[in-house]
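Notes to accompany the following structure.
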Amino acid sequence: MASFFSFILAHQGDSADPELLHWIRERLDQIFGFGPWVIVGAMSFIIFCIPMSIIVVYLMQANRRSASKPKHESNSAEGQEQEQLP
Amino acid sequence: MNQSSEPIKKPIYYGWYVCAATLFIGFVMIGARNSFGVFVVPMSEEFGWNRTTISVAAALGVLVNGVTQPFFGQIFDRTGGRKMIITSLIVLGIGTILLSLTFHILFLAFMFGIVISIAQSGPAPSNTAALMSRWFKRRRATAISINSSALSVGGMIMVPFSMFLLEATSWRVAWVALGLIVLTAVPLALIFLRERPEDRGLYPDGDPPPPEGAIGVGRNRSGGPLEVETWKESFKTAPIWQMAGSYFVCGTTTFVMSVHFIPFAIEDRGVTGATAATIFGYMMFLNIFGALGAGFLSDKIGGTKNWLALAYSIRGIGYLVLLTLDSVLGLWIFATIAGFSWVATPVLTSSLTADVYGTKALGTISGITFMFHQFGGFGSVLLAGLLFDVTGSYTVPFAIVGALLLPAAISAFSIKERKYSSRYQTLVPMPAAGD
């Protein structure tokens, strides 16, 4: 029964194996040698950059479109996007 | 009149924003799920649980998640998905935060095994792939592959993040932080998730509208002959069984390796645990390129079923190498070959399912085929364990599951894609479609 449950922790789509994770952490410590807070800060930055960059690109495009709108009012007929700022 | 000749930079198709939003949703969702393993040791130590006790919560989660998938797929098909995904994310985020209050194994089993696992069925890959299928047609496999690779990247970034967070703080703080990260996906989902391109006056892939008076214009334009309204209709046709059958084999061949590869490498091939883990990590890293490559090639060259058959075939060759090359080199070759095919098959299966059956019941159909995948996985792991106990080696179980890849490849290859896939229908003359 124990082996039946333990395999589930090891499946790639689910929780990672704790021993493997411990080994990975040791390797990362060896490679980077930073304290945990530095890595937490760096990874937090990477994680939050993802949604922020999506929003920034969207806003830049929306601004560009709204700036050129008076000149091209008939754009909608060509299947172009008719987006508003969220 | 027409602005086609004007030097205006074409805006990014809105579907790519939907794709980016689902990418981040998948990223945080799988990250929170995979990170559970990080918490096993500190929580077990604090409460005096053994590994089996805490694994029961995880096992319950896998089963609940698998069983609820088709039901969430049905909700997705009926409601459109946006509200379901956002609600699921909120429940998932709050549930993850509440794990910081764990005081008893039953609380953990209830929160992680039931509440969180049910919530994870909402933004599950089968549903986000169905959402991508509505927004993309020509670039459907590419969009799905980006989503799938986000799951691998999420695991690669979020799990080490959780490990270091745990080292810097405590497991309670780490659960709160993970929950808050999940909740950051909510505003992104609120802003960008739209159910279908028609909601924004668009056509799939950002294509221009079909010419006035073209045959089949409307919701069924360029639909395949097997396009269904309900999932039940799809199961009366051959392609779904061909895909589900091969997907079952996909589950057997990936689950069994996820569990038994490292013990096999150590015991049968005599490598150290560190080397075995490195080879396995390398194989998981190749997932990303396999998924992206499969999606891109399928869209660019066409013949999704051929790529699917090829993915099963090369995985079969990988198994053959693993069993016949009795050295460390054999492990590395297997990892390289199998790594590329690991996530390629779900991408291609999802894309082909949408191409054949349309998008109206896709959430449910994908949820059901995903269950076939899970059943195959569960069966193979148990069988491999049993045969190892009987024979004292992994050769027989690996040979059996590896041999299944041949019928899986044949099954995928025999799908009549040209006849049934919407990509090959020529009802509507769409100059920009490039079909």
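Relative contact order of chain B: 25 percent, from C-alpha pairs under 8 Å at least 6 residues apart in sequence. Pairs B:Lys10/B:Lys305; B:Lys232/B:Lys305; B:Lys10/B:Lys416: which are spaced more than 30 Å apart, C-alpha to C-alpha? Violating the 30 Å limit, Cα to Cα: B:Lys10/B:Lys305; B:Lys10/B:Lys416. Relative to the dominant Cα principal axis of chain B, helix B:395-413 is inclined by about 0°.
Please work out the Cα center distance from the range B:305-378 to the range B:17-95, rounded to the nearest Å. Spelled out, the Cα-based centre of one part sits 23 Å from the other. On C-alpha positions alone, give me the angle between the axis of helix B:304-324 and the longest principal axis of chain B, in degrees, nearest 10. It is inclined by approximately 20 degrees. Computed over chain B with a Gaussian network model linking Cα atoms closer than 10 Å, the most mobile of B:Ser170, B:Ser411, B:Ser380 is B:Ser170. Cβ-Cβ distance of A:Trp23 and B:Thr87, R₀ of 25 Å, FRET efficiency by 1/(1 + (r/R0)^6): the value works out to about 0.10.
Tally Lys/Arg at +1 and Asp/Glu at -1 over every other residue whose Cβ is under 13 Å from the Cβ of B:Gly330; what's the total? Can you show the working numbers first?
Values: positive: B:Arg269; negative: B:Asp268, B:Asp326.
Residues close to B:Gly330 contribute a combined charge of -1.
Its Cα gyration tensor gives the range B:14-204 an equivalent ellipsoid, and the semi-axes of that ellipsoid, as √(5λ) in whole Å with the largest first, are 31, 16, 13. With 22 Å as the limit on Cα-Cα distance, the pairs of B:Lys236/B:Lys419; B:Lys137/B:Lys300; B:Lys83/B:Lys360; B:Lys300/B:Lys419; B:Lys83/B:Lys300 that go past it are B:Lys83/B:Lys300.
Rg and Dmax, both from the Cα atoms of chain B and both in Å, are 22.2, 77. Against chain B, whose longest principal axis is taken from its Cα atoms, helix B:125-135 shows a tilt of about 20°. Exposed loop sites here are trypsin sites (Lys or Arg not before Pro) assigned a DSSP state other than H, G, I, E or B and surrounded by at most 15 other beta carbons within 10 Å; excluding them, the longest clear run of chain B is B:10-218. Between B:Pro210, B:Pro225, B:Pro11, the GNM of chain B built on Cα springs shorter than 10 angstrom shows B:Pro11 fluctuating the most. Annotation for B:Glu198 and A:Ala42: the two label points, set 7 Å from Cα along the Cα-Cβ direction, are 4.9 nm apart.
Just so you know, all these numbers are worked out from the coordinates, no wet-lab data involved. Here the structure is a predicted model, which means the values were calculated and not measured. Every residue, glycine among them, receives a Cβ derived from its backbone with ideal geometry; neighbour counts consider all protein chains shown.
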